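The values are calculated or read from the model by the stated rules, or taken from the named source; none is laboratory data. Computed from a predicted model, the values in this text were never measured in an experiment. No Cβ is skipped: glycine too gets one built from the backbone with ideal geometry, and neighbour counts run over all protein chains shown.
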Amino acid sequence: MPKYFWRGIDLNGKSCHGNMPAESFENLKSNLLAKNIALLSHKEKRSFSFSPDFFKKTKISHTDLSQLFNNLALLLESGIQLIDALRITKSYLRSKESKVVIENLIQEVIGGDSLSQAMETNFENFSRFMIHVTKSGERSGKLVDSLKNLSSYLERQSKLLKNLKRAALMPGITLVFSILVMLGIFIFVIPQFETLFSSMDRELPPSTQLIIKISELLRSWNFLLGAIIILGSIALSIKLISKTEKFSQIKDWLFLKLPVLREIITLSDLAYFTQSMALLLKTGNTLIQSLSTSCNVMQNHILKGNMKKITHDVEEGDSLEKAFHSYYKYFSSGMIDSISVGEKIGKLDL
């Protein structure tokens, strides 16, 4: 869905601006009129623009989001109104980005929006999953419980991400150290033997000659400059095309073929999926709604595609266990058995 930057004027004659997802210009205009805002100008947000903020993250951290939802839940539970709860929460958070986001939420709520609608307007900082959980809580009258569960969920996600980074740290350090040792051997050690070999009156084996040539190449300033230019060009090219769907699919397919990365990616995506499913089921969503929404938290396109097929099979009448069995390649037998038990006792959210 396209996203638009817009400028308008409200009933009091005050100018205002913001960004909002909309299917078309007419849809954007209607949405703003529903908020008593007359649209003056608009501009579709591009998926990529080369600017000083190109490499800057726009989303606030999961830790701040978890604290935000937890504080809101506690304040609302004690009887404080939503706008006051947001203002109090704003004073607790230290991050400037977080304060700006909460101020935007406050302005939207003052304008008559619900919390989920205000989050939807600030779509860059809140995922569809967060918005859906909040909206479910508002509809069921259990907003406090939904916010508490969402806070716990984000805290678990943050811990899981830290554990994954910690698990990948040692192999990463080992790989970098191995590369540095190899470069050290070629640049500093082999040249010492080159002098010895040159004093010999016999021809060196082809493999030895190749090693010496590689050493000479690595010690060349032209090679170093060329390598920097080539690597920089590759990195920039990858950054530019990384937004495309085709590139993401190829990258995700490749990652699932690599031995170590396959396990890490599969386990992390399934952890995100199962935790999201449990939270959505707890907040009163149906199984189909929970499956459809939880698919979107998965990062790998291949796994997400299989999960969407599972959702379709369940919609067609299959049990969740049977649907998972059809794609057992990516799911452990232990996970499928747990789903089977949860279905039978009617406690999938556990």
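A few comments on the model shown:
- Identity of the residue in the range 186-203, of a type in the set (Val, Ile, Thr) and modelled with pLDDT of 80 or more, that ends up surrounded by the most Cβ atoms within 10 Å (Cβ to Cβ): Ile190
- Number of positions in the range 108-125 that are closer than 22 Å to Glu77 by Cα and of a type outside the set (Gly, Ala, Ser): 7
- Put simply, of Glu124, Glu120 the only residue that is modelled with pLDDT under 80, of a type in the set (Asp, Glu) and outside the structural domain of Tyr272 (by TED's automatic domain parsing) is Glu124.
- A single member of Leu169, Leu147, Leu164, Leu183 is surrounded by 10 or more Cβ atoms within 10 Å (Cβ to Cβ), part of a helix (DSSP H, G or I), modelled with pLDDT of 80 or more and outside the structural domain of Phe69 (by TED's automatic domain parsing), and it is Leu183.
- Picking from residues in the range 75-101 that are of a type in the set (A, V, I, L, M) and closer than 19 Å to Ser158 by Cβ, the one that is modelled with the lowest pLDDT is Leu93.
- Total residues in the range 114-144, condition under 19 Å from the mean Cα position of the chain (by Cα) and not in a helix (DSSP H, G or I): 6
- Residue list for the range 275-288, filter: in contact with a helix residue (DSSP H, G or I) (Cβ under 8 Å, 6 or more places away or on another chain) and either part of a helix (DSSP H, G or I) or in the same structural domain as Lys135 (by TED's automatic domain parsing) (or both): Gln275, Ser276, Met277, Leu279, Leu280, Leu281, Lys282, Leu287, Ile288
- Enumeration of residues in the range 85-103 that are in contact (Cβ under 8 Å) with a residue 12 or more places away in the chain and either outside any helix (DSSP H, G or I) or more than 17 Å from Phe126 (Cα to Cα) (or both): Ala85, Arg87, Ile88, Tyr92, Leu93, Ser95
- Residue within the range 222-235 that is part of a helix (DSSP H, G or I) and in contact (Cβ under 8 Å) with a residue 12 or more places away in the chain present: no
- Considered as a group, the residues in the range 289-312 that are of a type in the set (A, V, I, L, M) and not in a helix (DSSP H, G or I) include one that is surrounded by the most Cβ atoms within 10 Å (Cβ to Cβ), and that residue is Met298.
- Residues being surrounded by 14 or more Cβ atoms within 10 Å (Cβ to Cβ) and at pLDDT 80 or above - total across the range 204-215: 3
- Qualifying residue in the range 260-273 (condition: among the aromatic types (Phe, Trp, Tyr) and modelled with pLDDT of 80 or more): yes
- Residue within the range 313-322 that is within 21 Å of Leu160 (Cβ to Cβ) and not aliphatic (A, V, I, L, M) present: no
- Cβ separations smaller than 7 Å between residues 6+ apart or across chains give the following pairs from the range 109-134 residues that are among the aromatic types (Phe, Trp, Tyr) to residues that are in a loop (DSSP other than H, G, I, E, B): Phe129/Asn296; Phe129/Val297.
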